[in-house]
Amino acid sequence: MQSHLVVAAAVALLAAWNLATWAVYRLDKARAARRQRRISERALLTMAALGGSPGALLAVYAHRRRHKA
């Protein structure tokens, strides 16, 4: 019975981490649009490498901006 709780807690933590990663990537995109100081690439990639890859990919592809030609 306790193993189910451990798995549920791990899934919840991973989901929360992915949500946090998505939010930080989204914040970085918003700062870029306003020409403000950006979040370092090291911080973004570290969050993705520590388990937030799905959240990072979602943020990158869902919030793409087209460059003006």
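The values are calculated or read from the model by the stated rules, or taken from the named source; none is laboratory data. Nothing here was measured: the structure is a model prediction, and the numbers come from that model. All Cβ positions, even for glycine, are placed from backbone atoms using ideal geometry, and neighbour counts span all protein chains on display. Only protein heavy atoms, including side chains, enter the accessible area calculation; ligands, DNA and RNA are left aside. Shrake-Rupley method; radii C 1.70, N 1.55, O 1.52, S 1.80 Å.
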Discussion item. Give me the 1.4 Å probe accessible area per residue for the chain, excluding ligands and nucleic acids, in Å².
Written reply: 83
Worksheet item: Mind checking the angle between helix 53-62 and the chain's longest principal axis? C-alpha axes, 0 to 90 degrees, to the nearest 10.
Response: 30
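Using unit Cβ charges (K, R positive; D, E negative) and no other charged atoms, how large, in debye to the nearest 20, is the dipole of the chain about its Cα centre?
Approximately 740 debye in magnitude.
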Worksheet entry | Mean ellipticity per residue at 222 nm, deg cm²/dmol - from DSSP H runs of n ≥ 4 across the chain, formula -39500 (n - 2.57) | -23500 deg cm²/dmol
Worksheet item: On the accessible surface of the chain, probed at 1.4 Å, how many percent belong to carbon and sulfur atoms?
Response: 64
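Sorted by mean Cβ packing within 10 Å, highest first, what order do the peptides 28-38, 45-55 take?
Numbers: 28-38: 11.7, 45-55: 16.0.
Going by the mean number of other Cβ atoms within 10 Å, highest first, we get 45-55, 28-38.
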